Amino acid sequence: MPAYVIESIDLFIRPLPPDRFDFSIGKQTGPDGKPKPPRRPAAAGLCRMEMRDTRTGKTATGCSGDRPSHGWLDKRPDISAADKLRALIALLHEARDLWLAAPEFDSVFDHWLDRHEAIVKRGQELGHEALSASYASAFFERAVIDAACRLEEKSVFQMFQEDRLGFRPEKVHPELEGMDFPTLMPAQPRTRFFIRHTVGLSDPLTAADLPERINDGEPETLQEYIARDGLRYFKVKISGQKEADIERLIKIWDVVPQEMEPAITLDGNEAYQDLGEFATFVEALDEKAPGLFQHLLYIEQPLTRALTLNPASKPWIERISEKKPLIIDEADGSLDAFKQAHALGYSGTSHKNCKGVFKSLMNLALCFRFENEGRLAFLSGEDLSNLPIVPLHQDFAALGILGLEHCERNGHHYAYGASHLTEGEKVRLAAYHPDLYTKRNGEVFLNIQDGEVECASLQTIGFGVRDHPDWSALEPMKTWLDTHYPPEPPV
């Protein structure tokens with residue numbers, strides 16, 4: 001008899017209050033010159049998976065969550081934002097049905113890989129981008145890992161350390177045969193992380209950039225966030241407009257605390273469609289902003305995903321990488337995308353739970369192999385969209401396994417703390433995680449001290465989530481979609 005049986009899977013939506021202020025990334029207009037639509041709705045998706053251990057008869061509830069960022073997953077200009085969202089949620093339900101169609105299994109990893117391949121195939125049949133299928137697969141991956149952890153009464157770190165999930169990266173990357181993954185993990189989970197503060201294209205840098213203040217008690221400018229939180233890691237969005245980007249970067253460099261040896265990363269979000277133009281930008285930035293350039297760690301996804309993995313780009317990528325490492329993000333839509341990109345001259349890829357936990361761990365193993373061969377390779381910690389409870393906690397728990405020192409982690413910066421949660425959830429959040437959260441003005445906020453957060457309290461039974469969401473306060477995903485985004489009537 002198989003060890004595990006999935007008994008039910010439910011999908012929910014948690015509506016979110018409006019952002020404190022607008023956030024903008026990449027190019028702000030489409031090919032038609034019109035402003036681009038929002039990348040995501042004011043909502044977060046959550047998954048609840050009931051699973052039983054046939055050996056003990058015990059049952060456990062696993063969970064996962066992500067914001068349905070349809071505009072990041074799929075940037076095709078000929079599909080409306082509403083259609084992208086409806087298609088993404090339909091794909092999530094297709095993926096749910098594929099998991100329920102094969103509910104019995106022994107190895108969590110083997111079964112995930114089988115279901116992942118089925119979801120990718122279904123996504124291709126429905127015309128989805130590879131990244132969307134990867135997102136749909138990862139949505140259920142974390143829930144099944146969480147449920148398995150709870151059934152074994154272990155933390156996710158312990159489950160990988162003790163090889164209880166059947167993780168076998170060589171089944172995807174044969175060259176990793178014989179690599180003992182637990183020996184690659186840190187001896188103890190990392191629980192302290194520097195926060196890499198995202199600076200969006202429209203974010204005010206100083207008080208002079210504010211047309212009017214929100215006056216909600218929280219910082220409103222980059223300068224104010226630096227002063228309060230002691231920040232020294234920054235992730236800056238670029239637009240693909242060379243002169244405007246360099247001018248803004250010089251202004252940002254004047255604001256960041258240079259006495260603290262700041263570290264900067266740039267994120268293009270596929271803003272560049274011409275390799276020569278991007279190379280010119282990198283060379284001009286080196287010339288016009290040498291101080292910032294010296295402290296620049298890497299540049300993330302500067303090119304469109306189609307251009308990223310084009311073999312013809314290899315000479316350009318190698319030339320640019322001699323100045324600064326390049327990493328992929330939106331182009332990381334398949335299990336072997338990082339390996340393909342690395343062969344072209346890219347140095348790394350982003351870790352995001354929404355792209356897959358097993359994938360990131362396999363990529364970590366690939367990094368060790370590449371480094372042993374004398375080739376630079378690394379993972380970065382990204383994802384602006386993580387909010388408490390589930391997405392934020394699970395991503396920190398995954399970073400604890402990956403051992404990364406700093407991560408993009410300020411989705412809270414555009415929201416007002418944990419204002420999207422119920423009062424009961426906020427009480428438990430503060431009680432269970434006094435290291436990770438603090439209270440201000442009657443609200444719960446991420447506790448950033450000297451630019452860092454401490455989250456040892458997430459090393460609990462399960463995948464980083466001690467307290468599940470209040471399921472009764474959420475809406476079924478399909479009900480929410482039909483109410484807020486009904487299909488357009490046929491013409």
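Could you sort out which of Lys251/Lys314; Lys84/Lys426; Lys171/Lys359; Lys84/Lys478; Lys324/Lys359 sit more than 21 Å apart by Cα distance in this structure?
Checking Cα-Cα distances, Lys251/Lys314; Lys84/Lys426; Lys324/Lys359 exceed 21 Å.
Per DSSP H run of n ≥ 4, the term is -39500 (n - 2.57); total these for the chain, divide by its residue number, and report the mean residue ellipticity at 222 nm rounded to 500 deg cm²/dmol.
Counting only the DSSP helices, I get -11000 deg cm²/dmol.
Multiply the residue separation of Glu443 and Ser472 by 0.36 nm, subtract the distance between their alpha-carbon atoms, and state the gained length in nm to one decimal.
Extending this stretch completely gives an extra 8.3 nm.
Show the residues, 5+ positions off or on another chain, whose built amide H is closer than 5 Å to the amide H of Glu270.
Amide H neighbours of Glu270: Leu303.
Rounded to the nearest 0.05, what FRET efficiency is calculated for Ala102 and Asp216 with R0 set to 35 Å and r the Cβ-Cβ distance?
With a Förster radius of 35 Å, E is 0.15.
Over segment 175-467, what relative contact order in percent results from Cα pairs under 8 Å that are six or more residues apart?
Once divided by the residue count of segment 175-467, the mean separation gives 21 percent.
³J(HN,Hα) across segment 5-14 via Karplus (A = 6.51, B = -1.76, C = 1.60, θ = phi - 60°), whole Hz, x for Gly/Pro?
9, 7, 9, 6, 9, 10, 10, 10, 10, 10
Can you tell me which of 289-298, 456-465, 193-202 comes out highest on packing, and rank the rest after it, using the mean Cβ neighbours within 10 Å?
Descending mean neighbour count gives 456-465, 193-202, 289-298.
Based on the Cβ-Cβ distance of Lys58 and Ala90, what FRET efficiency does E = 1/(1 + (r/R0)^6) give at R0 = 45 Å, to the nearest 0.05?
Computed FRET efficiency for Lys58 and Ala90: 0.85.
Please say if segment 175-467 is rounded, prolate or oblate, where rounded means a/c under 1.5 for a ≥ b ≥ c the square roots of the C-alpha gyration tensor eigenvalues, and otherwise the choice is prolate for a/b larger than b/c and oblate otherwise?
Oblate is the answer for segment 175-467, as a/c is 1.5 or above yet b/c matches or exceeds a/b.
Rounded to the nearest 0.05, what FRET efficiency do Tyr485 and Gln294 give with R0 = 41 Å and r taken as the Cβ-Cβ distance? Could you check?
0.30
State, to one decimal in nm, how far the label point of Leu16 lies from the label point of Asp450, with both points 7 Å from Cα in the Cβ direction.
The modelled label-to-label distance comes out at 3.1 nm.
Quick one: Karplus J couplings for segment 181-193, per residue in order, coefficients 6.51, -1.76, 1.60, θ = phi - 60°, nearest Hz, x for Gly and Pro?
Per-residue couplings from phi come out as 4, x, 6, 7, 6, x, 4, 10, x, 6, 10, 10, 9 Hz.
List Thr483, Thr422 from most exposed to least, where exposure is judged by having the fewest other Cβ atoms within 10 Å.
Thr483, Thr422
About its Cα centre, how strong a charge dipole does the chain have in debye, to the nearest 20, once Lys and Arg get +1 and Asp and Glu get -1 at the Cβ?
340 debye
Provide the net charge surrounding Ile461, with neighbours chosen by a C-beta distance below 12 Å and charges set as Lys +1, Arg +1, Asp -1, Glu -1.
Computed value for this residue: -1.
Please list 3J(HN,Hα) in residue order for segment 256-265, calculated via the Karplus relation 6.51 cos²θ - 1.76 cosθ + 1.60 where θ = phi - 60°; whole Hz, with x for glycine and proline.
5, x, 5, 5, 9, 6, x, 10, 10, 10
How large is the charge dipole for segment 340-451, taken about the Cα centre, if only the Cβ atoms of Lys, Arg (+1) and Asp, Glu (-1) carry charge, to the nearest 20 debye?
200 debye
Would you list which aspartates and glutamates come within 16 Å of Lys237, measuring only between C-alpha atoms, while excluding same-chain residues fewer than 8 positions from it?
Filter leaves Asp22, Asp203, Asp245, Glu247, Asp267, Glu270, Glu300, Asp329, Glu330, Glu382, Asp383, Glu408.
Can you tell me the order of 239-247, 319-327 when each peptide is scored by its average per-residue count of other Cβ atoms within 10 angstrom, highest first?
319-327, 239-247
Could you tell me the convex hull volume per residue, in Å³, taken over the Cα atoms of the chain?
153 Å³
Bear in mind that the values in this text are calculations on the coordinates, not laboratory data. Remember, predicted model here, so these are calculated numbers, not experimental data. Cβ: placed from backbone, ideal geometry, glycine included. Neighbour counts: every protein chain shown.
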